[in-house]
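One structure is given here, and the rest of the page talks about it.
The values are calculated or read from the model by the stated rules, or taken from the named source; none is laboratory data. On a predicted model such as this, the values are computed, not experimentally measured, just so you know. In this analysis, Cβ positions are derived from the backbone assuming ideal geometry, glycine residues included, and neighbour counts consider all displayed protein chains.
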Amino acid sequence: MKLTLKIWRQKNATAQGKMETYQVSDISEHMSFLEMMDVLNEQLIAEGKEPVAFDHDCREGICGSCSMYINGQPHGPRQATTTCQLHMREFNDGDTIYIEPWRAKAFPVMKDLVVDRSAFDRIIQSGGYVSVNTSGNTLDANAIPIPKEDADEAFNAATCIGCGACVAACKNASAMLFVSAKVSQLSLLPQGQVERKERVLNMVDQMDKEGFGNCTNTGACSVECPKEISLENIARMNRDYLAASVTK
Amino acid sequence: MAAKSALLKSSLAKKYWMSLTGLFLILFLITHLAGNLVLLQAPEVAAPAFNEYTEFMTTFPLIKIISYVLYFSILFHAVDGILILSRENRNARPIQYAHSKPQNNSIWASRNMGVLGTAILVFIVLHMANFWFKYKFTELPMGAGDLPDMYGLVVASFQEGWYSAIYVVSMIILGFHLWHGFESSFQTLGLNHKKYTPVIKVIGKVYSVVVPALFAIIPIYLFLNS
Amino acid sequence: MTKLDSKIPEGPIAQKWEHHKSSINVVSPANKRLIDVIVVGSGLAGASAAASLAEMGYNVKNFCFQDSPRRAHSIAAQGGINAAKNYQNDGDSVYRLFYDTVKGGDYRAREANVYRLAEVSANIIDQCVAQGVPFAREYGGLLDNRSFGGVLVSRTFYAKGQTGQQLLLGAYSAMSRQINKGKIKMYNRHEMLDLVLVDGKARGIIARNLVTGEIERHGAHAVVLASGGYGNVFFLSTNAMGSNVTAAWRAHRRGAFFANPCFTQIHPTCMPRSGDYQSKLTLMSESLRNDGRIWVPKEEEDAQAIREGRLKPTDLPEEKRDYYLERRYPAFGNLVPRDVASRAAKERCDAGYGVNKTGEAVYLDFSSAIMRYGREQATVQKLDNPTDDQIRALGEKVVASKYGNLFEMYEKINAENPYKTPMMIYPAVHYTMGGLWVDYNLMTTIPGCFAAGEANFSDHGANRLGASALMQGLADGYFVLPYTIGDFLSHDIRTGPISTDSPEFEQAEKDVRQHLESLLNNKGSKSVDYFHKRLGKVMWDKVGMSRNEQGLKEALDEIRQIREEFYKDVFVPGSLDELNPELEKASRVADFLELGELFAKDALERTESCGGHFREESQTEEGEALRDDENFTFVSAWEWTGDPRESKLHKEELVFNDIELKQRSYK
């Protein structure tokens, strides 16, 4: 198929960017979206032009690197799918596709479609862990039974890949889904109880410092999340934070 | 460190206050509506009842205290929502998308609470200027029940077509605001449960349709009966 | 051969590690604060090592080329992690895990290392649970296990199909805690481009800031390379796009021996390639082989009809299908080890029985399992005379609960419903057992330069068992390296900070800069991928699943040819001082082009077959891999001499005291 691509080009973090238009042809419906981008880049290189920079790595939907706002939605039109797993069969011959970077003050554009998501790392660093050192004498793994339901729910929260689609989708560029997924994972497990209050206070504090917007419960984050992280996590974090801020 | 300002300055705290004031206003709407429904009765019944109701609402001490909470809630809800949260949220995305399809992931009302809220605020100012201000700060003629004739003022106001129309439109706006706001306030407070949340959601939807509709019926009824 | 001292401790195998830990030198807590360690890579081995070293008190600098340490490719591991916990009471033990691993590796791993791996495996699970890793649990609240290929017990711990992700996020969070404390300084989007030796010891690295393009010097008392494997030398593999050999290769060029480069794992259940544009291959978990049956048509004309779309696989009657694994290996059937399953698939496709357009795919069919589970469910639910459709619907539910996410992934990529029509699979490069040679302390032949995880060669021999890579990465990082590194660092307590102003750093930086500039100034006419794809094709065709002398000799020349053309004709757009993904790729492919040649040379020299290394000249009558224990019971450790082809071979003889060498048989 033949496609018209409108892509955000920006030389570096400080440069002005703008949408540029490109044509690609001979795109197979079996290609992944990123393979289509590879075709475009090969074409640009052949013309002696600079290829489009974009983050990508595992290309199997788990590393969370890829981050494109495709035709008005993070990771494109198919739900529960990362850009790398999106295939061209979702598009039609002759389509025009808009490709933009995540837009958020906390995710500044570094080049073209590449954004800086280190704010997420700093939020985890502020408390997204259980403070145990490596030890050969830790409690036996089966010493504390955990109800399967809690373990499964903690797992579901923990499947977050940190791609930032939630922020990109949110009209307020809020990071609540990301932060609450980590808070939830640890507050659902007995191992996370000791630092439960401290953790949620510190992580929210860091989230606020990073310049994300506030949550207005539109639910867009969860709809666009490639791992379908549930809004219940946000409620759980709200509850935890309220309890922590009243008692701590 | 984070704990000290948690209840005042954090993004979540701002939302808790939005939610609490919002829920309070939701409760208030019910009492307000209960009084207003008197207006749907025959004039000879409605006039004294409504005037008494007005008198009671403005003099009973407990209600007075609550009314200050109400004024505060309205102001806080508006200032927090429009001046602080909406502004912060706009700042969180300085460059907008060139092409965006938010309709694929969220409902319109949820994305436009600030706009809807601003419209409601304008309505409240108009509403209070016409009734509350006149009742409190001007001499109303005496009416049924030997009380200041609030009933007469209301009926006269709604006999103006344009005035009734503003009310009806405002109630539709309120409905949209509540459609999202009702369940959202529970989510914000973390009042979420597998069993009860679906019930809360249904109540919220019913509330946001029925309450504004009943409010809107009154001006329509009075206009048509004029 | 004095240079290769594996430093295996004396004593009975079960006491070696305990004894070693208590006898090696350690650094006191006060002195650890004076010592800097660089860790390159943030996967399971790198993140766990960085976190543990920082917890102990060392000042750690961690480098990763991704935008966050959480994205290292360990995250993509699906199936699980082995540990000798014996929670299932099925007779598992440290010895059994040790034995299975050595046998699975076709007797080409170092006994002492593998035993230690099995010993610390149980601690890994304890550690991860303490960190809040949400492993799968049973209804009683205890941890669940499943079983994997090549073993007879259930010892694999898992978190659905995302075990690697959960373990990595655990290690990442441990690391994040130390970053928060200032004990780890994190360098995201930085790529190590050279190792710096001062007085013969590894004392730092040269790294490029991938955002600004700045070439930076970083000094430390020791350097740990945990930079993963080199499967991307094949261009197409299940590795991430960025996975590369550069850190390890630059260390090799500075004197670290590279061991067993030709030992590569080709995983049997990957999605087949669909066209030339393909950028990577996607793995489907080995666990699918528990219920899926692998087949191709019995008749060549049926295969042809299927390829041309004239015949549907579901229309082919049972008697016209060839369940070749069940036919050839009645004892293990579809659950033979990975190397065996992969070769069998290739054999059928080469003979003309492949089932997709390219002729390189076999079927993985769940219809028998669906009907079997469906009948079970019908009995449980007491249905009278259920119809086939009812049974199928019930069975699909059971299969969905076991493999739902994998089936969804398959459908997303292939647009075919694997519940209704069999999956198509084909082997793909997945893991590299070879890597930097290390001694028992995980130190390479360069003093002060350590290698952990997939980057080293030590534990898997010639073939890795499923769910053992995660185990090794975390064992190295949490429980081995943090102790053994002390033996080296104990001599450095009075060294003081390492200056990066020395001539060695200056020279290394200059070399790196020159190399990158030459790539940028080359102004050729072909993209980096053009050369990478050509290299990959030679590697796959001649150094892939099945190798022979003639092909390997051709490969040696062809790879050299491609390398020469690369340096003449590659075009790298952009400049040095900016974010430049093409430049990153070019520098990685340059190293693959050298590694590829050494890889082929190693495969050529090892004339036996073992594990994933199959030499056509060395096979049994039935076409199975035939080892030559008399001549090849050693580790090939290659020394860089300036030309990959002229690399010098050093042999570490493998001594098996606790396991008897046998021909592997899965019949």
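Restricting to segment C:1-16, count the residues that are in contact (Cβ under 8 Å) with a residue 12 or more places away in the chain and farther than 25 Å from residue C:493 by Cβ.
Going through segment C:1-16 one residue at a time, the tally reaches 8.
How many of the residues making up segment C:214-226 are in contact with a helix residue (DSSP H, G or I) (Cβ under 8 Å, 6 or more places away or on another chain) and within 14 Å of another protein chain (Cβ to nearest Cβ)?
The number of residues fulfilling the criteria is 0.
In segment A:1-100, which strands (runs of 3 or more DSSP E) lie fully inside it and hold 1 or more residues that are β-branched (Val, Ile, Thr) and touching a residue at least 40 places away in the same chain (Cβ under 8 Å)?
Where strands (runs of 3 or more DSSP E) fall fully within segment A:1-100 and carry at least 1 residues being β-branched (Val, Ile, Thr) and touching a residue at least 40 places away in the same chain (Cβ under 8 Å), they are A:3-9, A:96-100.
Considering only residues that are among the aliphatic types (A, V, I, L, M) and surrounded by fewer than 24 Cβ atoms within 10 Å (Cβ to Cβ), which ones fall in segment C:47-65?
Selection gives C:56 alone.
Answer yes or no as to whether residue C:204 is in contact with a strand residue (DSSP E or B) (Cβ under 8 Å, 6 or more places away or on another chain), of a type outside the set (Lys, Arg), more than 11 Å from every other protein chain (Cβ to nearest Cβ) and over 30 Å from residue C:14 (Cβ atoms).
Yes, satisfied.
For segment A:212-233, how many residues meet the condition of being without any contact (Cβ under 8 Å) to a residue 60 or more places away in the chain, buried (at least 22 other Cβ atoms within 10 Å of the Cβ), in a helix (DSSP H, G or I) and facing chain B (nearest Cβ under 7 Å)?
Of the residues in that region, 1 qualify.
What's the total number of residues in segment B:2-31 that are surrounded by fewer than 15 Cβ atoms within 10 Å (Cβ to Cβ) and assigned to a helix (DSSP H, G or I)?
Going through segment B:2-31 one residue at a time, the tally reaches 3.
Scan the helices (runs of 4 or more DSSP H) fully inside segment B:125-197 and keep the ones with 3 or more residues being buried (at least 16 other Cβ atoms within 10 Å of the Cβ) and within 14 Å of another protein chain (Cβ to nearest Cβ).
B:161-188
Any residue at all in segment A:141-149 that is more than 10 Å from chain B (Cβ to nearest Cβ) and either within 28 Å of residue B:111 (Cα to Cα) or in a helix (DSSP H, G or I) (or both)?
Yes, some residue in segment A:141-149 is more than 10 Å from chain B (Cβ to nearest Cβ) and either within 28 Å of residue B:111 (Cα to Cα) or in a helix (DSSP H, G or I) (or both).
May I ask you to say which residue of C:263, C:234 is more than 14 Å from chain A (Cβ to nearest Cβ), under 16 Å from residue C:436 (Cα atoms), touching a Phe, Trp or Tyr at 6+ places or on another chain (Cβ under 8 Å) and buried (at least 24 other Cβ atoms within 10 Å of the Cβ)?
None of the others qualify; the one that does is C:263.
Let me spell it out: the conditions are (1) touching a residue at least 24 places away in the same chain (Cβ under 8 Å); (2) more than 7 Å from chain B (Cβ to nearest Cβ), and residue A:236 meets all of them except one. Which number is the exception?
So the condition that residue A:236 fails would be (2).
Anything in segment A:78-96 that is surrounded by fewer than 22 Cβ atoms within 10 Å (Cβ to Cβ) and either within 14 Å of chain B (Cβ to nearest Cβ) or β-branched (Val, Ile, Thr) (or both)? List them, or say none.
A:78, A:79, A:80, A:81, A:90, A:95, A:96
What number goes with the only condition from (1) in a strand (DSSP E or B); (2) of a type outside the set (D, E, K, R); (3) under 17 Å from the mean Cα position of the chain (by Cα) that residue C:474 does not pass?
Single failed check for residue C:474: (1).
Just to check your reading of the model, which residue among C:72, C:83, C:112, C:118 is out of contact with any Phe, Trp or Tyr (no Cβ under 8 Å at 6 or more places or on another chain) and of a type outside the set (Asp, Glu)?
C:72
Mind checking which residues of segment C:404-455 are among the aliphatic types (A, V, I, L, M) and over 19 Å from residue C:636 (Cα atoms)?
Of everything in segment C:404-455, those that are among the aliphatic types (A, V, I, L, M) and over 19 Å from residue C:636 (Cα atoms) turn out to be C:406, C:409, C:413, C:415, C:423, C:424, C:425, C:428, C:429.
Report yes if some residue within segment C:119-134 is within 30 Å of residue C:627 (Cα to Cα), more than 8 Å from chain A (Cβ to nearest Cβ), part of a helix (DSSP H, G or I) and out of contact with any Gly (no Cβ under 8 Å at 6 or more places or on another chain); otherwise report no.
Taking every residue of segment C:119-134 in turn, at least one turns out to be within 30 Å of residue C:627 (Cα to Cα), more than 8 Å from chain A (Cβ to nearest Cβ), part of a helix (DSSP H, G or I) and out of contact with any Gly (no Cβ under 8 Å at 6 or more places or on another chain).
Can you name the residue in segment C:173-202 that is touching a residue at least 40 places away in the same chain (Cβ under 8 Å) and among the charged types (D, E, K, R) and is also nearest to residue A:192 (Cα to Cα) among such residues?
By that ranking, first place goes to C:177.
Residue check, residue C:370 against (1) in a loop (DSSP other than H, G, I, E, B); (2) at negative phi; (3) surrounded by 22 or more Cβ atoms within 10 Å (Cβ to Cβ), all met but one. Which one?
(1)
List, please: which pairs have Cβ atoms under 8 Å, are six or more places apart or on different chains, and start with a residue in segment C:381-395 that is in contact (Cβ under 8 Å) with a residue 24 or more places away in the chain and end with one that is assigned to a helix (DSSP H, G or I) and of a type in the set (Val, Ile, Thr)?
C:395/C:370
In this structure, does residue A:41 turn out to be surrounded by fewer than 24 Cβ atoms within 10 Å (Cβ to Cβ) and either within 14 Å of chain B (Cβ to nearest Cβ) or in contact with a helix residue (DSSP H, G or I) (Cβ under 9 Å, 6 or more places away or on another chain) (or both)?
yes
In segment C:47-79, how many residues are assigned to a helix (DSSP H, G or I) and under 14 Å from the mean Cα position of the chain (by Cα)?
Of the residues in that region, 4 qualify.
Being within 15 Å of residue C:422 (Cβ to Cβ) and of a type in the set (S, T, N, Q) is the filter here; which residues of segment C:318-366 pass it?
C:334, C:356
If I filter segment A:102-117 for residues that are within 9 Å of chain C (Cβ to nearest Cβ), over 16 Å from the mean Cα position of the chain (by Cα) and at pLDDT below 95, do I get at least one hit?
There is no residue in segment A:102-117 that is within 9 Å of chain C (Cβ to nearest Cβ), over 16 Å from the mean Cα position of the chain (by Cα) and at pLDDT below 95.
Hey, among C:246, C:269, which residue is touching a helix residue (DSSP H, G or I) at 6+ places or on another chain (Cβ under 7 Å) and either surrounded by fewer than 24 Cβ atoms within 10 Å (Cβ to Cβ) or within 10 Å of another protein chain (Cβ to nearest Cβ) (or both)?
On inspection, the qualifying residue turns out to be C:246.
From C:197, C:168, C:143, C:152, which residue is more than 9 Å from chain A (Cβ to nearest Cβ), within 27 Å of the chain's Cα centre (by Cα) and modelled with pLDDT of 95 or more?
Of C:197, C:168, C:143, C:152, the one residue that is more than 9 Å from chain A (Cβ to nearest Cβ), within 27 Å of the chain's Cα centre (by Cα) and modelled with pLDDT of 95 or more is C:168.
For (1) at pLDDT 95 or above; (2) closer than 30 Å to residue B:82 by Cα; (3) in a loop (DSSP other than H, G, I, E, B), each residue gets a yes or a no:
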{"residue": "A:157", "(1), (2), (3)": "yes, no, no"}
{"residue": "A:162", "(1), (2), (3)": "yes, no, yes"}
{"residue": "A:172", "(1), (2), (3)": "yes, yes, yes"}
{"residue": "A:186", "(1), (2), (3)": "yes, no, no"}
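Restricting the search to segment A:53-77, which residues are more than 11 Å from residue A:164 (Cβ to Cβ) and within 11 Å of chain B (Cβ to nearest Cβ)?
Of everything in segment A:53-77, those that are more than 11 Å from residue A:164 (Cβ to Cβ) and within 11 Å of chain B (Cβ to nearest Cβ) turn out to be A:70, A:71, A:72, A:73, A:76, A:77.
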